[in-house]
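These notes concern the structure reproduced below.
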Amino acid sequence: MEEAKVKFSRSLDHAGREAPDAAERRDVARNRGRVLGAARALFEERDVVNVTMEEIARAAGVGKGTLYRRFPHKGLLCYALLDEPTRAFQAETLAGLAEAGVGPIEKLDLFLDRLVRFTDANLDLLYGGHETLDGTERLAHFAHPSYGWLRGTVLVLLRTARRSGELDEDLDADYLADALLAPWAWTSSTTSGASSGSPWSA
């Protein structure tokens, strides 16, 4: 699985961004921690859809202007709270791809199982309190970085299985990758579009 290790060696957050190199200013980091802590507690208590931005600012002890400058909508708060579980999921995936003595089909099965568990554990943040995407918004997920990471992982495993003879050489790996990930299509872009009224923005 050398191809997979090279392709997916970098850790990305749920928005598909690498961790920033520069450290935040102390006061900025402090306010960010307060906001995220308050949002996490309120979301866990009442779910994302039932919490307002004003309530988050009040619970965090920051002004609404401070909150909205950093997080213009709840979708971006969902993104930020997903950073840690997303990186943990990616680290587990990379370790699984590198495991010796396990065939690509078995690795694919284990990857999809991890994806199901990740989705179940973070469903409220992934959903972001919005309706699922449809129409042109649903199509937009194909260009989203997190969907690209998931699809790339599946595609590498399918192509490896095809080369090793575990799958028929005439199999359309690109089509099958999208078919396997179809249940997760909306979670890849919901939060990113919240500012324009789309989900999860998410």
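What to note about this one:
- Residue in segment 97-119 that is closer than 28 Å to M53 by Cα and either touching a strand residue (DSSP E or B) at 6+ places or on another chain (Cβ under 9 Å) or buried (at least 19 other Cβ atoms within 10 Å of the Cβ) (or both) present: yes
- Check on F71, out of contact with any Lys or Arg (no Cβ under 7 Å at 6 or more places or on another chain), closer than 29 Å to G148 by Cβ and modelled with pLDDT of 95 or more: no
- Within segment 38-64, the set of residues being among the aliphatic types (A, V, I, L, M), assigned to a helix (DSSP H, G or I) and under 21 Å from L123 (Cα atoms) comprises A38, A39, A41, L42, V48, V49, M53, I56.
- Applying the condition of being hydroxyl-bearing (S, T, Y) and within 14 Å of R32 (Cβ to Cβ) to segment 52-86 and asking which residue is nearest to the chain's Cα centre (by Cα) yields Y79.
- In the set (1) small (G, A, S); (2) buried (at least 18 other Cβ atoms within 10 Å of the Cβ); (3) under 19 Å from T119 (Cα atoms), the condition left unmet by A60 is number (3).
The values are calculated or read from the model by the stated rules, or taken from the named source; none is laboratory data. Predicted, not measured: the structure shown is a model, and the values here were computed from it. Ideal geometry is used to build each Cβ from the backbone, glycine not excepted, and the neighbour counts take in all protein chains shown.
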